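This report concerns only the one structure given below.
The values are calculated or read from the model by the stated rules, or taken from the named source; none is laboratory data. Values in this document were obtained by computation on a predicted structure and should not be read as measured data. No Cβ is skipped: glycine too gets one built from the backbone with ideal geometry, and neighbour counts run over all protein chains shown. Surface areas here come from the heavy atoms of the whole protein model, side chains and all, with no ligands, DNA or RNA. Shrake-Rupley method; radii C 1.70, N 1.55, O 1.52, S 1.80 Å.
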2 protein chains.
Amino acid sequence: MKKVLVAMALYIGVSAAASAQQNISLPVPEKRPTVEANGDVTFTLVAPEGSDISVKGAFANLQPASVSFTDGEHRILFSGVEPGLYDYWFEVDGVRTLDPSNPYVARDIASLANIFIVPGEGSKWFESKDVPHGSVHQVWYESEGLGGSRRMTVYTPAGYETSTEQYPVLYLLHGMGGDENAWSELGRAVEILDNQIAAGVTKPMIVVMPNGNALRKAAPGCTGDGMYIPEGQHSVDPDRLFEKNFDEIIGYVEANYRVKPGKENRAIAGLSMGGGHSWRISMERPDSFDYVGLFSPAVRWNGMGVNMENDPELVDKLKRQFENAPKFYLIAIGKDDFLLPLNDAYRKMLDDQRFKYEYVESGGGHEWRNWRDYLADFLPKLFN
Amino acid sequence: MKKVLVAMALYIGVSAAASAQQNISLPVPEKRPTVEANGDVTFTLVAPEGSDISVKGAFANLQPASVSFTDGEHRILFSGVEPGLYDYWFEVDGVRTLDPSNPYVARDIASLANIFIVPGEGSKWFESKDVPHGSVHQVWYESEGLGGSRRMTVYTPAGYETSTEQYPVLYLLHGMGGDENAWSELGRAVEILDNQIAAGVTKPMIVVMPNGNALRKAAPGCTGDGMYIPEGQHSVDPDRLFEKNFDEIIGYVEANYRVKPGKENRAIAGLSMGGGHSWRISMERPDSFDYVGLFSPAVRWNGMGVNMENDPELVDKLKRQFENAPKFYLIAIGKDDFLLPLNDAYRKMLDDQRFKYEYVESGGGHEWRNWRDYLADFLPKLFN
């Protein structure tokens, strides 16, 4: 380390000059926000005295334990923050502002938020750890049904490159306004998989995260559409071309990766719109998926309403799926989720028909904090 | 499109509810900043009247053509902005603020900046276009020399998955404070490669972007180091373990990808610290690289000073490299770059020894705008 400090000293001049000419500010010496073991989290922002500063995001419902201004810095302390991964941003005199001292951000649809982790039981799967890491591929497949090449993110478990064995596959689908990066960036899917596979609680598997927005080919900025502003609504396709052409994705994956064939080696799960996708894709392919995870799913049958009560066509499709029932069929949703009534109606129908499924009703609403937990609870159930 | 609008209308309620519960704001309807064909670029920020607002970054040296405040929005217009890719951020009453209406950002060391493109000749290689796209892999290789597994980004050209042929390889190295994501995220390497290969000006090739920071194993947040604040100085290793162990990277790549063997199929290039790495790695392996690109290189021999004048050991190493000279050996640097004197001293020595190289002195300094251009000019020269 001594040598490093010497090098540091020698390089500070260089760094300052480089930074000036690179139009970037010098690296921030102290990590922000500061997180204490007892759950004290302190946010710091350099801003004029008297500025109206609040912390938004995961903290919108919490009250600060203390607010102070010293040496030109505003300090906002929250106490007793539970272990977990949180997003936040500042509002300064009404202006949405990211924390300039925290370079860790995640994009949700068109909005960026900073993120940080309070270590502990509630965050153990989300933290980056020194465990064997899987690879992450961003690849393009040709789609006749949707027209042109489309991008997907593929996770292969640690050791894939050096082994010759085949692996089971989970198809993991994003929600409205999301894209093929949503589960890996917002959902911490890579960290969850690396950590759970290393801990031996989850089987090594390939995880495929396609782009479920039929009107886009890839995440914002990755196609000829350029740097457009992503909008949730645009990602909903009434023609369901994504669901109808899903076999193209399975075909690409099974042609390009060492995949165990068969229903017992295939799982599909998704959140919100992607829960609706997983619901239909598995229903329309009753012999394809032994594991189905519906996270806050938009299980919309005819239009937007809750109008599926024992609809004969729907019941008929589900009968075909459940006569050779999936080994594990999960519905997970938060008690404050606006899609709860829709899912209650769907579950009533499943119950009327005596179709077997697991149901988890968590706290919270239609939010990533729940979806990360649902994935972490779902993965250990797969391919056993 | 009609159906989509219907779906939009039906979903707006859902989206609003979802957004509220997801703690994200609704998507922004209009793309910001607005960029006109004539080079007028208008930045817009909602902030209290009288706020002191300036645009920083690529515009630090430009004066706004007009500044106005209407309907709660500040508008700052710059005229005659040349085609190209630009980074920027706001300063609001002294607080560094990203543009909340522009979700496109790039991180440089510990600082985020928004980015946008003014289309035209100067940006044609940097834009995402509907051309055949290569794949991007983030993989981990085992390093005995540095200890543990380390991450690298690997680009394979469009068609790699479906072909059986072998490809030449460019090793592309980042600068101080960078990581294995720097060239693909800040450097637009993927867009440049996709566009130039599609245009037929650059040969299809594999491009390997390892992490050259001997003291870190991967980009910030991807290892057990957690969400630390990256610092430029820390990435400089006086022991040069990265350069000394570079054969581990070549070995991984040649074992895991369909690579054409031999000096004539291997190139190495890097910026700043990575230019120094490319300089030493190619010098210490005189039979390994036929193409060498030194972009604003930190060609530091003994310590930090310009003290290499015909140093016998250095001359001797270079003699071995140049007696079977690389086909193309490029030094590119900006006339305002703080490393220019160092490179002048190095070039004087190359000239004294009559070693053949190409030299490009551009405008500008030690900055990504130059490095993107250097890469775009370097790639077409490779593997001809």
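Just one of the listed residues (B:Pro100, B:Pro132) is within 23 Å of A:Arg96 (Cα to Cα), facing chain A (nearest Cβ under 9 Å) and open to solvent by 30 Å² or more (accessible area, probe 1.4 Å), and it is B:Pro100.
Name the residue that is nearest to B:Thr156 (Cα to Cα), counting only residues in region B:240-268 that are within 13 Å of another protein chain (Cβ to nearest Cβ), open to solvent by 20 Å² or more (accessible area, probe 1.4 Å) and in contact with a strand residue (DSSP E or B) (Cβ under 7 Å, 6 or more places away or on another chain). Checked region B:240-268; the qualifying residue nearest to B:Thr156 (Cα to Cα) is B:Tyr257.
Pairs meeting the criteria (first residue in region B:108-137 and within 23 Å of B:Thr162 (Cα to Cα) and hydrophobic (A, V, I, L, M, F, W, C), second residue at pLDDT 95 or above and not in a strand (DSSP E or B), beta carbons under 7 Å, at least 6 apart or on different chains) are B:Val131/B:Asp194; B:Val131/B:Asn195; B:Val131/B:Ala198; B:Val136/B:Ser184; B:Val136/B:Val190. For region A:346-381, filtering for residues that are assigned to a loop (DSSP other than H, G, I, E, B) and in contact with a helix residue (DSSP H, G or I) (Cβ under 7 Å, 6 or more places away or on another chain) leaves 7. Selection over region A:274-328 of residues that are over 18 Å from A:Asp237 (Cβ atoms) and outside any helix (DSSP H, G or I) gives a count of 24.
Of all residue pairs spaced 6 or more apart or on separate chains, those with beta-carbon atoms under 9 Å, a first member in region A:364-379 that is touching a residue at least 40 places away in the same chain (Cβ under 8 Å) and a second member that is of a type in the set (Asp, Glu) and in a loop (DSSP other than H, G, I, E, B) are A:His366/A:Asp336; A:His366/A:Asp337; A:Asn370/A:Asp337.
With respect to the stated conditions, A:Ile197 fails to be within 14 Å of A:Ile109 (Cα to Cα), in contact (Cβ under 8 Å) with a residue 60 or more places away in the chain and over 16 Å from the mean Cα position of the chain (by Cα).
A single member of B:Pro210, B:Pro204 is touching a strand residue (DSSP E or B) at 6+ places or on another chain (Cβ under 8 Å), closer than 26 Å to B:Ser296 by Cα and surrounded by fewer than 23 Cβ atoms within 10 Å (Cβ to Cβ), and it is B:Pro204. Close contacts from region A:250-264, counting a first residue that is under 11 Å from A:Tyr167 (Cβ atoms) and assigned to a loop (DSSP other than H, G, I, E, B) and a second that is polar (S, T, N, Q) and open to solvent by less than 60 Å² (accessible area, probe 1.4 Å), with Cβ to Cβ under 9 Å and a gap of 6+ residues or different chains, come to A:Tyr257/A:Thr156; A:Arg258/A:Thr156; A:Arg258/A:Ser163.
Scanning region B:171-217 for residues that are of a type in the set (Asp, Glu) and in a helix (DSSP H, G or I) yields B:Glu185, B:Glu191, B:Asp194. Selection over region B:42-85 of residues that are open to solvent by 60 Å² or more (accessible area, probe 1.4 Å), outside any loop (DSSP other than H, G, I, E, B) and not aromatic (Phe, Trp, Tyr) gives a count of 5.
The lone criterion from (1) crowded, with 18+ Cβ neighbours inside 10 Å; (2) out of contact with any Gly (no Cβ under 7 Å at 6 or more places or on another chain); (3) touching a residue at least 60 places away in the same chain (Cβ under 8 Å) left unmet by B:Asp237 is number (3).
Scanning region B:86-96 for residues that are in contact with a Lys or Arg (Cβ under 9 Å, 6 or more places away or on another chain) and surrounded by fewer than 22 Cβ atoms within 10 Å (Cβ to Cβ) yields B:Glu91, B:Arg96. When region A:348-367 is limited to residues that are out of contact with any Lys or Arg (no Cβ under 9 Å at 6 or more places or on another chain) and buried (at least 17 other Cβ atoms within 10 Å of the Cβ), the one that is farthest from A:Met273 (Cα to Cα) turns out to be A:Met349. In a residue-by-residue description of region A:139-153, the property of being open to solvent by less than 20 Å² (accessible area, probe 1.4 Å), part of a strand (DSSP E or B) and aromatic (Phe, Trp, Tyr) applies to at least one position. Filtering region B:118-129 to residues that are within 10 Å of chain A (Cβ to nearest Cβ) and either open to solvent by 30 Å² or more (accessible area, probe 1.4 Å) or part of a helix (DSSP H, G or I) (or both) leaves B:Pro119, B:Glu127, B:Lys129.
Kindly evaluate A:Gly159 against the criterion of being part of a loop (DSSP other than H, G, I, E, B), in contact (Cβ under 8 Å) with a residue 40 or more places away in the chain, within 12 Å of another protein chain (Cβ to nearest Cβ) and under 28 Å from A:Arg280 (Cα atoms). Judged against the criteria, A:Gly159 is not a match. Close Cβ contacts (under 6 Å, 6 or more residues apart or on different chains) running from residues in region A:269-289 that are surrounded by fewer than 24 Cβ atoms within 10 Å (Cβ to Cβ) to residues that are part of a helix (DSSP H, G or I) and among the polar types (S, T, N, Q) comprise A:Met283/A:Gln321; A:Pro286/A:Gln321.
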